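**Q** The structure that follows is given in the form of structure tokens.
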Amino acid sequence: MAQNLKDIKALAFDIDGVLTDGSLIPLADGDLLRVFNAKDSMSMRVAALKGLVTAIISGGDTEALRIRCLHCGIREENLFLGCRGKLPVFQKFCESNGLRPEEVAYFGDDIPDIPLLKACGFGVAPLDAAEDARAAADYVCTRPGGRGAVREVIEMILKAQGKWCFDDYSKVY
């Protein structure tokens, strides 16, 4: 696995159940409230600052999600919200960024993520992912979605690449 991690050039994430714990609270205006983990979000920003391409491929689609993803270092052109049938979107992301699928780690937790977990170079599922998603993943986190699973694996990848170091902390924010 260590060699595979050294070859990772990009990270792609589902949102609900990966960057959040999967809980959705309906609001009066029709939006849904989601809670993100600050440590997961910070590690996404660090990954982007350390040169990894980052993307979101999610069925969720709200302005609040778009803003949060941009804050986490996702570039607008790699933000794919409202996706139904994620594999063609994953392939488009790879092509538009000059990546081979095996150079991408994908983080997913449920049935719509299984094709991407199998197509990418390093499929990651949170501890509490659906059984079928865990079975399709190359790595199952020791932490649940929205509770540090993303941070766990980003640290693992960046450490394997010798990039988990900070000489200037001011660049992280």
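**Q** Could you tally up the Lys pairs in the chain with alpha carbons closer than 19 Å? Skip any pair fewer than 8 positions apart unless they're on separate chains.
**A** Lysine pairs, 8 or more places apart or on different chains, close enough: 20.
**Q** Would you give the gap between the C-alpha center of region 98-173 and the C-alpha center of region 27-94, rounded to a whole Å?
**A** Taking the Cα centre of each part, region 98-173 and region 27-94 sit 14 Å apart.
**Q** Oh, and also: Using a simple charge model, +1 on the beta-carbon of Lys and Arg, -1 on the beta-carbon of Asp and Glu, nothing else, what dipole does region 42-173 show about its Cα centre, in debye to the nearest 20?
**A** Value, rounded to 20: 260 debye.
**Q** Taking square-rooted eigenvalues a ≥ b ≥ c of the alpha carbon gyration tensor, is region 82-173 rounded, prolate or oblate, where a/c under 1.5 means rounded and, failing that, a/b exceeding b/c means prolate?
**A** The shape class here is oblate.
**Q** Take the Cα of LYS6, step 7 Å along the line toward its Cβ, and report every residue of region 124-160 whose backbone nitrogen sits under 15 Å from that point.
**A** Inside the label zone: 157-160.
**Q** What distance in nm separates the two pseudo spin-label positions at GLU76 and GLN91, each 7 Å out from Cα along the beta-carbon direction?
**A** So the label points at GLU76 and GLN91 sit 2.7 nm apart.
**Q** Also, quick follow-up: Compute, for VAL140, the solvent-accessible surface of its heavy atoms (probe 1.4 Å) with the complete set of protein chains present, and express it in square angstrom to the nearest 10.
**A** We get 60 Å² for VAL140.
**Q** Compute the FRET efficiency between THR62 and LYS39 as 1/(1 + (r/R0)^6), taking r as their Cβ-Cβ distance and R0 = 22 Å, and round to the nearest 0.05.
**A** Efficiency for this residue pair is about 0.45.
**Q** At 0.36 nm per residue, and after removing the present C-alpha to C-alpha distance, how many nm does the segment from CYS165 to ASP138 gain when stretched out fully?
**A** Gain in length upon complete extension: 7.2 nm.
**Q** Sticking with this structure for a sec: Grab the DSSP H runs of the chain that are 4 residues or longer, score each as -39,500 (n - 2.57), total them, divide by all residues and round the 222 nm result to the nearest 500 deg cm²/dmol.
**A** It comes out at -10000 deg cm²/dmol, rounded to the nearest 500.
**Q** If you average 1/r over all unlike Cα pairs in the chain and invert the result, what Kirkwood radius do you get in angstrom?
**A** Answer for the chain: a Kirkwood hydrodynamic radius of 15.8 Å.
**Q** Using a 1.4 Å probe on the protein chains only, how many percent of the accessible area of the chain belongs to carbon and sulfur?
**A** C and S fraction of accessible area: 53 percent.
The values are calculated or read from the model by the stated rules, or taken from the named source; none is laboratory data. Since we're looking at a predicted model, the values are computed, not measured. Glycine also receives a Cβ, built like all others from the backbone with ideal geometry; neighbour counts cover every protein chain displayed. In case anyone asks, the SASA skips ligands and DNA or RNA and just uses the protein heavy atoms, side chains included. Shrake-Rupley method; radii C 1.70, N 1.55, O 1.52, S 1.80 Å.
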